[in-house]
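Only one structure is covered here, and it is reproduced in the block below.
Each reported figure results from applying straightforward, stated rules to the coordinates on display, with no laboratory input. Remember, it's a predicted structure, so these values are computed and weren't measured experimentally. For neighbour counting, all protein chains shown are included, and Cβ atoms are generated from backbone atoms with ideal geometry for every residue, glycine included.
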Amino acid sequence: MISIRQDLCNGCGLCAESCPCDAIVLEGAIFNKKDKKDKNDEEGKISITPACNGCGLCVEACPKKAIAKNIVQRVAFNKKSGEYKGNCEEYSKEDYKDILVYVEHSDGNIAPVTLELIGKARILAQTVSQQVCCIFVGSDMPHIAQAVESILDFGVAKVYAYLHEELRYFRADAYSNVFFDCVQRCRPTVVLVGATPVGRSLAPRVATRCQTGLTADCTGLTMRANTDLVQTRPAFGGNIMAQIVTENHRPQFATVRERVMDMPVKITPFGTVEIVSVTPQMLKSDIDLAYVRKKMLPEGIEHAPALVVAGNVIKKKQDMEMLHELAQLLNGRVGATRPVVESGLADYSMQIGLSGRSVRPQLIITCGVSGAVQFIAGMKASEHIFAINTNPDAPIMKIADYAVVGNVFEIVPALIKQIKKGGSVVI
């Protein structure tokens, strides 16, 4: 993002003093050319580390106009020399290729959203005859190396592994440095990140350094022949589904929520793992870890095989108990819409929709759910949708595999009774 003309630089160091990220490094024995006594004296050199956030303060501080802020990303990685170069060359879309997926994991246990993204990336890459790559950041323990190798089973062409003991635990600034280094190294046309707390912290930081766009919480992705990524996400409170395209910048960043894409199937591995050296500049962080304590997360509804969802007709505790009984008979869990959660009858962890959880169970039974766009976006991928509603024209009835027009408080008890008998259910 910042280019330096070494021939104009006098090594005064004002740029380094103005940098809030400590991203400017002065190298060499003699920085100021005025102090040069002999023609054999080595001149100093100024370089920009990955910690740069592109703020441009160094541009204003330089009295010699030797520093310039590039309008577009102009930092290239020369694969032949293995070095970065900063110049005024602008790259076209054809200079960016392949899809890069960030691998999120917990001590080697790969998050399901990562595999879902790899599966979707493979489909997108086939559209433009490109490949899927991954970036893996973690410690250098043996079991982590095994986790890196396992990613190749899902059709990944290359995994860029940044392994270092100081990368064992997530630190936003250090991980962003590493992530940015990988983007510079492979120059992908698309970068996909899970819309998790970690992903939502990393993606905007790296996208900003690349001076490109980021579409958050996508629910759909398609690829055009010219490698433009069509990113679908809810807008205006979920009332419409917007299609966003980043036409003039690369790479294209997108975060995707878990349980939105299909899981990929394993294939015969053909890819390779590249162990990338982790430099001290990448590890530089303003975060000190005093101690790490694992948080015990409650069991969520995302992976339940069956869900019974409480709609706005559920008004009291006894109504919820009825749905819990049905869910227990189906070996499932109870979910809820936003109004039910806000009424205090259900916990936020049970909420389904854009502001809650995305689910795709084998069976989902909606009880009095009208089917707002926000709710449908979080459950439309369910294998079988069974809807109960008194309104035959409710939006949920249009997407349901089985739609029953009737009273929830009559139909659900009948379902419970028949299931307990072990017979078929006739409504």
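Observations, loosely collected:
- Flagged links, alpha-carbon separation over 31 Å, of Lys315/Lys421; Lys317/Lys417; Lys97/Lys398; Lys93/Lys158; Lys316/Lys398; Lys266/Lys398: Lys97/Lys398; Lys266/Lys398
- Here each label is just a point 7 Å from Cα along the line to Cβ, and for Thr127 and Lys65 those points are 4.5 nm apart.
- C-alpha center-to-center spacing [segment 303-344, segment 157-229] in angstrom: 37 Å
- Most to least packed among 286-293, 114-121 [average Cβ atoms within 10 Å]: 114-121, 286-293
- Crossing angle, helix 197-209 versus the chain [Cα axis fit, 0-90 degrees, rounded to tens]: 40 degrees
- Working from label points 7 Å from Cα in the Cα-to-Cβ sense, the Gln6 to Glu342 distance is 6.1 nm.
- When peptides 171-180, 9-18 are ranked by their average number of other Cβ atoms within 10 Å per residue, the highest-first order is 171-180, 9-18.
- Residues whose amide H falls under 5 Å from that of Val101, counting only those 5 or more places apart or on a different chain, are Cys133, Cys134, Ile135, Leu192, with hydrogens built in the peptide plane.
- Spatially proximal aspartates and glutamates relative to Lys120 (Cα-Cα < 17 Å; intrachain offsets below 8 disregarded): Asp98, Glu104, Asp153, Asp217, Asp228, Glu258, Asp262
- One quarter of the surface of the convex hull around the alpha-carbon atoms of segment 93-283 equals 10.2 nm², the direction-averaged projected area.
- Taking every DSSP bridge with both residues inside segment 93-283, close to 30 percent are antiparallel.
- Between the labelled values (i) 1.08; (ii) 1.26; (iii) 1.12, the entry that holds Rg/Rh (Cα atoms, Kirkwood Rh) as derived from this structure is (i).
- When DSSP beta bridges are restricted to pairs lying wholly in the chain, around 35% turn out antiparallel.
- Simple Cβ-charge dipole of segment 230-290, Lys/Arg +1 and Asp/Glu -1, about Cα centre, in debye nearest 20: 200 debye
- Scaled against the 2.2 N^0.38 Å expected of a compact globular protein of N residues, the Cα radius of gyration of segment 292-410 reads 1.01.
- Difference of contour (0.36 nm per residue) and Cα-Cα distance, Glu410 to Tyr291: 37.4 nm
- Sorting the segments 353-361, 339-347 by their residues' average number of neighbouring beta-carbon atoms within 10 angstrom, most packed first, yields 353-361, 339-347.
- Tilt relative to the chain, helix 172-186 - C-alpha long axis, 0 to 90 degrees, to 10: 70 degrees
- For Lys64, no residue whose modelled amide H falls within less than 5 Å of its own remains once neighbours fewer than 5 places apart on the same chain are excluded.
- 3J(HN,Hα) from dihedral phi, segment 390-401, Karplus parametrisation 6.51/-1.76/1.60, rounded to Hz, x for glycine, proline: 6, 9, x, 9, 5, x, 5, 5, 6, 9, 6, 6
- Label-to-label distance, nm, for residues given as Lys315 and Gln328 (7 Å Cα→Cβ offset): 2.6 nm
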